[in-house]
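Okay, structure first, notes after.
The values are calculated or read from the model by the stated rules, or taken from the named source; none is laboratory data. What you are looking at is a predicted structure, and each value in this text was computed from that prediction instead of being measured. Glycine also receives a Cβ, built like all others from the backbone with ideal geometry; neighbour counts cover every protein chain displayed. We work out accessible area using only protein heavy atoms, side chains counted, and drop any ligands, DNA or RNA first. Shrake-Rupley method; radii C 1.70, N 1.55, O 1.52, S 1.80 Å.
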Amino acid sequence: MGGVEDDEPALKRMKLSSNGLIGLSNGSSSEEHIESSSSELMARPLPSEGDKQVVGSKGVIKRDEFVRIIANALYCLGYKKSGTCLEEESGIPVHSLVVNLFIQQILDGNWDESIATLREIGLADETIVRSASFLILEQKFFELLEGEKVMDALKTLRTEVAPLGINSSRIRELSSCIVSRSLSGHANSHKKDIASRPRSKLLEELQKLLPPTIMVPERRLEHLVEQALILQREACQFHNSLDKEMSLYTDHHCGKDQIPSRTLQVLEGHDDEVWFVQFSHNGKYLASSSNDRSAIIWEVGSNGEFSLKHRLCGHQKPVSSLSWSPDDQEVLTCGVEEAIRRWDVLTGKCLQVYEKAGVGMVSCAWLLSGKSILSGLNDKSICMWDLDGNEIDACKGLRTRKISDLAITSDEEQVVSICRDKAVLFFHRETHGERFIEEDQTITSFSLSRDSKFLLVNLLNQEIHLWNVEHVPKLVGKYKGHIRSRFIVRSCFGGIKQSFIASGSEDSQVYIWQRDSQELIEALPGHSGAVNCVSWNPTNPHMLASASDDRTIRIWGLNCLQANYLKAKKSCSSSNGNGNGLHQSNGGT
């Protein structure tokens, strides 16, 4: 097989290579020992079959490297016989004989022999040899110590490790292990990070240190394929599909059909303009608030169909905003310069009313602990409340505007609010430090990204600005095309990795931009009044909701989902949909 003509079977002859690699892959130690003359152990050029040294149409893939990483992948996947056969037939071993011997000696704990073999590999860089020797002797030291051979361990440290002259701080740590053991009487009393590792882990560390031409990096083929898929994903302008949907059989490319662009349902539960809409964190509910002084909790069914779960009544003024609790079990609603109400999502009951004499609430937000809430007041202060309605803290001064958004960063350290017409404030709760984002135009609303690294700012001049706020605030994007002249229009992040920006508009359309390129990719008609707010489902990148002055909420999805909702329409118990506040779309816009 593979052109072998001597008396020894090819499979047996190549067993040396496969054993060494198997030991590296699964961490096991083979019982077979390798014997060979020193001349056979010297590193040698890898043979190649024929004159063809490269593969592929571009001529950039070296044939021997390609075969080696394929064989390595087979061994890593557990296909040992297949890996051995590939080595035999190609005549290209994954590792040379001397490297296989080195691997076997490491797995068997033959430390002195492995260091001698290491020098026979033929490494040109003496620093690498010394560093690899240090790792091997460190392992020897620990195994001696754990085997109660304290004096032998001390001798190894003094006569073998220290003379290498590297990593003096680590040598001190090793010395402390002996002292610690002597004081406590056993070897396992020291820090867990100062201990021996499995020999297979030592091989992994050595593999990172040695040149890849000597020892092929573990799972190298998997890494290359993952890199290729990630690069394709990042180059895909409309990428909005789950990673598990990517295939090795074709180059990855998402079209606009992965963007929610067709009305799948129209929710008609409100009696007046719908001002605010927001999905729960788990994507199972949608809450909306309206000029009709009510809020509605909509439940998202397993098939994506919405149903009215609770109508929340009790506010004396229009409900301007709302906020979901971190566990999605409760929701806050804020009346215009009125009170904040906390509701139980399961029962629809009002659990608490938050109000303060002489001032009205203008915004609300949950702390991530779920044990307290924040409110913006029309006296431009921000208050913190416990769940029982007791005020526990207050930030006075120009902290928020009379009409303002309110958010808290994901680390719960900074409160974000519009403090002046043209400035957003990041206020640190503990240090009281302040950071500002300054704009040239009046700010009407903002939206904080899920990871709190980016902030979308809606401006009076019909622009949306994207700021990187992770460190020093930096303007990184501008989005144009939507209409905003009289009302507050809100935008949001959305899609896979929040790669898209969506916004309402006074021309009755929903606008969608690609976040990085800032290109407008969709303007979705359908509403008959200004679109005030949009919300992208955080767990379903193909679901978007929009709230409008036409008293409706539209649910947008993919074109390919049309048939599912047409089917749902036929099975709906109410022929006109008015009984449950739903209108089933016919798939048009």
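Full extension of the chain between A124 and D379 gives 84.5 nm of extra length, using 0.36 nm per residue less the Cα-Cα distance. A DSSP coil position with no more than 13 other Cβ atoms inside 10 Å describes the following GluC sites (Glu not before Pro) in region 423-526: E430, E470, E519. Considering only Q352, P326, S363, the residue lying farthest towards the positive end of the dipole of region 280-409 is S363, judged by Cα position with unit charges set on Cβ.
Full extension of the chain segment joining N390 with E413 gains 6.2 nm, where the gain is 0.36 nm per residue of separation less the Cα-Cα distance.
Considering only protein heavy atoms and a probe of 1.4 Å, how much of the accessible area of region 283-369 is carbon and sulfur, as a whole percent? Carbon and sulfur: 46 percent of the exposed surface of region 283-369.
For trypsin sites (Lys or Arg not before Pro), the sites in region 304-405 that DSSP calls loop and that have at most 11 other Cβ atoms within 10 Å are K349, K371, K396.
Sparsely packed loop sites in region 405-488 (the trypsin sites (Lys or Arg not before Pro) outside DSSP H, G, I, E and B with at most 10 other Cβ atoms within 10 Å) comprise R486.
Could you work out the relative contact order of region 359-486? I mean the mean sequence separation of Cα pairs under 8 Å and 6+ apart, divided by the number of residues, in percent.
Details: 292 pairs, mean separation 16.4, N = 128.
Answer for region 359-486 is 13 percent.
Figure legend: label point modelled 7 angstrom from the Cα of S247 along Cα→Cβ; residues of region 208-236 with amide N under 20 Å from it are 225-236. State, as an integer percentage, the relative contact order of region 213-294 based on alpha-carbon contacts under 8 Å between residues 6 or more apart. Computed value for region 213-294: 19 percent relative contact order.
Set the Förster distance to 41 Å, then compute FRET efficiency between Q316 and A235 from the Cβ-Cβ distance, nearest 0.05. Between Q316 and A235 the formula returns 0.15. Taking the Cβ of H270 as the centre, find all other residues whose Cβ is under 14 Å away and add up their charges (Lys, Arg: +1; Asp, Glu: -1). Local charge sum for H270: -3.
Relative contact order for region 317-434: what percent, with Cα pairs under 8 Å and sequence separation of 6 or more?
16
Charge dipole of region 510-560 (Cα centre as origin; +1 on each Lys and Arg Cβ, -1 on each Asp and Glu Cβ, all else neutral): 160 debye, rounded to the nearest 20.
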